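What follows is a short report on a single structure.
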Amino acid sequence: MQRLIPTLRRDQVAEGLISVINTLQICAKEISYRLHQGELAGVLGSTLDENIQGETQKKLDVLSNQLLKDILLENKFVRAVASEEEEGIVDGFADGKYLIAFDPLDGSSNIDINSMVGTIFSVLPAPTNERSGADMFLQPGHQQLMAGYVLYGPSTMLVFTTGKGLRVFTLDTTVGEFLLTDENLEIPTDTCEFAINMSNYRHWQPEMRSYIDDLLAGETGPRCKNFNMRWIAAMVADVHRVLCRGGLFTYPWDNRKPGKPYKLRLMYEGNPMAYLVEQAGGKAHSGEQRIMDIEPNDIHQRIGVILGSANEVDTCLSYLQGSQSKPSNV
Ligand code: FBP
């Protein structure tokens, strides 16, 4: 089986990006080790702090963030990093070519129940103009040079793209190496599976409720087929399932918190996942536009997310845009 770095060389990926992914996989192995040690490593549970998003920080959120930050900032190709756990960006090398945005441990509420979590990353070019600070990161997702995630599940997997399809590597713990296990994941165009936090039903727009109502109506409803639902409560794991066998994942607009209608973050959740999904033949939309075309206004900006099997994303959008003629059998 092929190892990570030779695969990238074969794909003629730029040396700087190879160096960055190499650094990321070093961090991933360390985080994976701590997670698999679980309670034995004494890192489960929460800190007494909240992150800048107002969410309780898990000890492993803090540890993963520190690891990624420290190790990435030693890489001479890294100009700066932005993290879910950091209010501002952290500068690296002044002549570094790349900006890395990451969610160090997505789905961290799953840690204490020994369920799946992951690290999500997005690599952008460092601007050559006068831009500095957080402004450097404010580029639309279609500028990403590389994006991916590490899924810490029963096995640890590294899934990423440099714009030439999706590569999937699995950590072989006997040799401590990521080995290529899938060359080119592709998302089926149609699906019978969806992922949404149903407990928010009453907070959604009527159009989203109507779309979900029709999925739930099954084969006797307007969609004329039965749909199954899955919700792992970690975007990284839900998107991984969508990449592996199709599906629709959404975290839509809701009105739970006045002025804060979205949950997921653009720079280190929406954009990297959108890049992967599109590379796998799927679609990723905010409900208003293609996610990768959004011009960001803040490194912690939140957006709506609807992604997955292309035809199902289109159907969902047709409800949201009020243009659906009741589908017969999509
Ligand atoms: P964190 O990165 O802070 O854990 O939050 C993001 C997230 O976990 C997503 O991965 C997931 O889709 C969503 O929150 C789950 O939200 P909910 O609490 O509604 O199930």
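The values are calculated or read from the model by the stated rules, or taken from the named source; none is laboratory data. The structure presented is a predicted model; accordingly, all values stated were derived computationally and were not measured. Glycine gets a Cβ as well: all are built from the backbone with ideal geometry, and neighbour counts include every protein chain shown. Ligands, DNA and RNA are excluded from the accessible area calculation, which covers all protein heavy atoms including side chains. Shrake-Rupley method; radii C 1.70, N 1.55, O 1.52, S 1.80 Å.
Some points to look at:
- Of everything in the range 96-107 that is within 10 Å of the ligand (Cβ to nearest atom) and crowded, with 24+ Cβ neighbours inside 10 Å, the residue that is nearest to V236 (Cα to Cα) is D106.
- Count of residues meeting criterion [in contact (Cβ under 8 Å) with a residue 12 or more places away in the chain and open to solvent by less than 10 Å² (accessible area, probe 1.4 Å)] in the range 205-224: 5
- Test: residue in the range 122-129 that is under 19 Å from the mean Cα position of the chain (by Cα) and within 16 Å of the ligand (Cβ to nearest atom): yes
- Hits in the range 244-256 - residues which are open to solvent by 10 Å² or more (accessible area, probe 1.4 Å), within 12 Å of the ligand (Cβ to nearest atom) and either outside any loop (DSSP other than H, G, I, E, B) or of a type in the set (D, E) (or both): Y251
- Applying the criterion of being in a helix (DSSP H, G or I) and basic (K, R) to the residues of the range 193-243, the residue that is farthest from the ligand (Cβ to nearest atom) is R209.
- Pairing each residue of the range 120-136 that is in the same structural domain as Q25 (by TED's automatic domain parsing) with any residue that is of a type in the set (A, V, I, L, M) and open to solvent by 80 Å² or more (accessible area, probe 1.4 Å), provided the two are 6+ apart or on different chains, yields no C-beta distance under 6 Å.
- Members of the range 164-196 found to be surrounded by fewer than 19 Cβ atoms within 10 Å (Cβ to Cβ) and either under 21 Å from Q321 (Cα atoms) or of a type in the set (G, A, S) (or both), listed by number: G165, G176, T189, D190
- Within the range 301-316, one or more residues are touching a helix residue (DSSP H, G or I) at 6+ places or on another chain (Cβ under 8 Å), assigned to a loop (DSSP other than H, G, I, E, B) and at pLDDT 95 or above.
- Residue pairs meeting the criteria (Cβ under 6 Å; at least 6 apart or on separate chains; first open to solvent by 50 Å² or more (accessible area, probe 1.4 Å), in the range 228-243; second away from the ligand (no atom under 12 Å from the Cβ)): N228/E193; M229/F194
- Meets criteria (within 16 Å of the ligand (Cβ to nearest atom) and out of contact with any strand residue (DSSP E or B) (no Cβ under 7 Å at 6 or more places or on another chain)) for G148: no
- The lone exception for P258 - which of (1) of a type outside the set (A, V, I, L, M); (2) modelled with pLDDT of 95 or more; (3) out of contact with any strand residue (DSSP E or B) (no Cβ under 9 Å at 6 or more places or on another chain) it fails: (2)
- Count of residues meeting criterion [acidic (D, E) and part of a strand (DSSP E or B)] in the range 157-192: 3
- Contacts under 7 angstrom Cβ, first residue in the range 159-173 being among the basic types (K, R), partner surrounded by 22 or more Cβ atoms within 10 Å (Cβ to Cβ), 6 or more apart: R167/F160
- Restricting the range 278-294 to residues that are without any contact (Cβ under 8 Å) to a residue 24 or more places away in the chain and not basic (K, R) leaves a set whose member that is surrounded by the fewest Cβ atoms within 10 Å (Cβ to Cβ) is Q289.
- Q139 vs. criteria more than 11 Å from the ligand (Cβ to nearest atom), in contact with a Leu (Cβ under 6 Å, 6 or more places away or on another chain) and open to solvent by 40 Å² or more (accessible area, probe 1.4 Å): no
- Checked against the criterion of being of a type in the set (V, I, T) and away from the ligand (no atom under 16 Å from the Cβ), the range 58-70 has no qualifying residue.
- For the residues Y275, Y268, the requirement of being away from the ligand (no atom under 12 Å from the Cβ), open to solvent by less than 70 Å² (accessible area, probe 1.4 Å) and outside any loop (DSSP other than H, G, I, E, B) singles out Y275.
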